[in-house]
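A short write-up of the structure that comes next.
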Amino acid sequence: MKTPAAPEGPDSEVIERLKAYTALDNPIRLRAFRLIHDSPGVPFNEIAKHIRIESGLLAYHLGVLKAAGVVEVAYAREGRQVTSYRLDGIGQELHSELFRGRPSRTPKTGKVALRPAPVRPS
Amino acid sequence: MSKGNTARRVRIIREEAEERLKRSGLILILLGSSERGLEERRQVAEVLRGRGIVALVPEDDFPKEIGPSVIEDDVLERSDVDLVFLSIESWGAATEFGQFASNPRIAPKLRVLVRPEYHPVHSPSNSYLTDLYLTHLVRYGHVYPVDGGRQAPVPSAKALIPMLAERHREIKAFRPSRISK
């Protein structure tokens, strides 16, 4: 069976954008994305505290951001596994594109103060 | 920019990309056994991501605090996932199939991959699982034999059509609301 060829060349940039913006096209993921930008290294449980949805569903949404290449994940063990999140290069670019000139909500405003997890690259 | 404006902007940029590529953005989950088949799912995810599709492998993409098995009806039902591919290579995956196939909000998104010897079209097996695949195949049309390149036997139209028609009339008679249109 023939598989359709993947687009090459200039389309590859559009493909990356499509993937990233498909991931961001959801209110919960957009909130998580801003939170992660504002608190690099934020652990999963801290995100869960601020985005009050069931942890299984949050895991799915963060999984989408990771699979789209928008966030980077690091794992550490503090008695139990801790997964922490930060924006990667594409994520930073997207954030600038979407929120250019918009003040960060955290931690300067004091609205939310998140505790970053110790980072160990995955 | 307000939250609503940002969300609208995201949607506009996504639609521009979709228009340029003449392809829609898609989110899908690749489920299956954690042992056999995990590497294959990773490779498939890589291919799909290269095509602009957001492909999740729960074992890799979920936070470690949450077990991959937490992908249950409830999460899939309330998420915006477009397709759920389930490779059935273990009893655990077969159990998941039973769960998902009976949920009318998940079943239409489900794409089931089975070995030819368990596929209702390619196998004479009378097992309960094969029977369940046949029901899903007739109701939703998405049960596929996969076999790592081995040639799968193909049934004759004479064998296939009566089998599908028989199951359809059974479902129509006993569970008419479950016929997808």
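The values are calculated or read from the model by the stated rules, or taken from the named source; none is laboratory data. Computed from a prediction, not measured in an experiment: that's the story for all the values here. Because the Cβ atoms are built from the backbone with ideal geometry, glycine has one as well, and the counts that use them run over all protein chains shown. Only protein heavy atoms, including side chains, enter the accessible area calculation; ligands, DNA and RNA are left aside. Shrake-Rupley method; radii C 1.70, N 1.55, O 1.52, S 1.80 Å.
Quick check on B:LEU86: is it over 16 Å from A:GLY63 (Cβ atoms) and crowded, with 17+ Cβ neighbours inside 10 Å?
It is true that B:LEU86 is over 16 Å from A:GLY63 (Cβ atoms) and crowded, with 17+ Cβ neighbours inside 10 Å.
Every residue in the range B:93-122 that is open to solvent by 20 Å² or more (accessible area, probe 1.4 Å) and either of a type in the set (Ser, Thr, Tyr) or farther than 16 Å from B:ARG139 by Cβ (or both), please.
If the condition is that a residue be open to solvent by 20 Å² or more (accessible area, probe 1.4 Å) and either of a type in the set (Ser, Thr, Tyr) or farther than 16 Å from B:ARG139 by Cβ (or both), then B:THR95, B:GLU96, B:SER102, B:LEU113, B:ARG115, B:GLU117, B:TYR118, B:HIS122 are the ones that fit.
Those residues that are in a helix (DSSP H, G or I), open to solvent by less than 40 Å² (accessible area, probe 1.4 Å) and facing another protein chain (nearest Cβ under 7 Å), I need them from the range B:59-72; list them, please.
B:ASP61
Any idea which residue in the range A:52-79 is surrounded by the fewest Cβ atoms within 10 Å (Cβ to Cβ), counting only those that are more than 8 Å from every other protein chain (Cβ to nearest Cβ) and assigned to a helix (DSSP H, G or I)?
Per the stated criteria, the residue is A:LEU58.
Say we look at the range A:15-31 and pick out the residues that are open to solvent by less than 10 Å² (accessible area, probe 1.4 Å) and either facing another protein chain (nearest Cβ under 7 Å) or free of Cβ contacts under 8 Å to residues at least 40 places away in the same chain (or both); which of these is nearest to B:LEU56 (Cα to Cα)?
A:ALA23
Having 2 or more residues that are outside the structural domain of B:ALA45 (by TED's automatic domain parsing) and of a type outside the set (S, T, N, Q) is the bar; report the helices (runs of 4 or more DSSP H) wholly within the range B:73-166 that clear it.
B:128-140
Please determine, by comparing only the residues of the range B:18-32 that are of a type outside the set (Val, Ile, Thr) and under 14 Å from the mean Cα position of the chain (by Cα), which one is most open to solvent (accessible area, probe 1.4 Å).
Ranking the qualifying residues of the range B:18-32, first place goes to B:LEU26.
Any residue in the range B:39-55 that is under 23 Å from B:ARG78 (Cβ atoms), more than 7 Å from chain A (Cβ to nearest Cβ), crowded, with 17+ Cβ neighbours inside 10 Å and touching a helix residue (DSSP H, G or I) at 6+ places or on another chain (Cβ under 6 Å)?
no
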